[in-house]
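Read through the structure below, which is laid out as structure tokens, and then see the notes.
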Amino acid sequence: MQLASLNVGRLLGPLDSPQVAGFVAQLEPINRLADHSPGFVWRLMTDEGDATGLRPFDDDLMLVNLAVWESLEALRAFVYTSAHVEVLRQRREWFERLATAHMVLWWVEPGHIPTVDEAIERLERLRRDGPTPAAFTFRTPFAADAAGPGSPMVEAEFCWPEPAAG
């Protein structure tokens with residue numbers, strides 16, 4: 001099995017605004033880094049080389065990032081141990097803090113390229129049902145053949161929304 005991931009975010013301003021220029025400046029180098037990272041399989045993009053021109057939501061400030069990786073470990077290494085982590089740490093400069101889940105992971109058969117509609121359905125499932133083998137997060141990961149969750153794979157500083165106090 002391979003790992004599909006969807007990440008959505010709402011920009012603080014239009015892509016051509018000075019407010020998000022720092023994010024836009026990092027798109028090409030970070031996408032190039034992803035494309036050459038161990039375990040990378042595929043990412044959604046237009047002819048411009050990224051997915052910023054796509055608007056699957058009824059909101060021009062909502063962006064999507066959809067990709068497929070060989071494993072949880074490969075995606076985790078890219079997101080949290082490569083130069084990508086610095087962009088992630090700066091996200092509050094460019095993106096609104098969402099009150100609901102913004103990232104979802106799920107397993108796909110090798111060769112399957114998820115559609116944006118399929119990915120959004122997985123995100124909605126995660127928001128509705130919480131983490132399950134069909135839609136999960138790094139905080140509550142599921143192996144491809146697991147009925148129950150594994151140990152968290154991410155530090156709290158990267159989790160939006162914050163875990164519920166309990």
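Values in this text are rule-based calculations from the coordinates and carry no lab data. It should be emphasised that the depicted structure is a prediction, and the values quoted were computed from it without experimental measurement. Note: ideal-geometry Cβ built from the backbone for every residue, glycine included; neighbour counts use all protein chains shown.
A few remarks follow.
- Residue match in the range 35-53 (condition: of a type outside the set (A, V, I, L, M, F, W, C), crowded, with 17+ Cβ neighbours inside 10 Å and in a helix (DSSP H, G or I)): no
- Output for the range 55-91, where each listed residue is of a type outside the set (V, I, T), over 21 Å from L15 (Cβ atoms) and in a helix (DSSP H, G or I): L72, E73, A74, L75, R76, A77, F78, Y80
- V20 being surrounded by 16 or more Cβ atoms within 10 Å (Cβ to Cβ), over 15 Å from the mean Cα position of the chain (by Cα) and hydrophobic (A, V, I, L, M, F, W, C): yes
- For S37, the conditions (1) among the polar types (S, T, N, Q); (2) farther than 25 Å from R125 by Cβ; (3) out of contact with any helix residue (DSSP H, G or I) (no Cβ under 6 Å at 6 or more places or on another chain) all hold with the exception of (3).
- Residues in the range 14-34 that are out of contact with any Asp or Glu (no Cβ under 7 Å at 6 or more places or on another chain), among the small types (G, A, S) and either under 16 Å from L61 (Cα atoms) or not in a helix (DSSP H, G or I) (or both): S17, A21.
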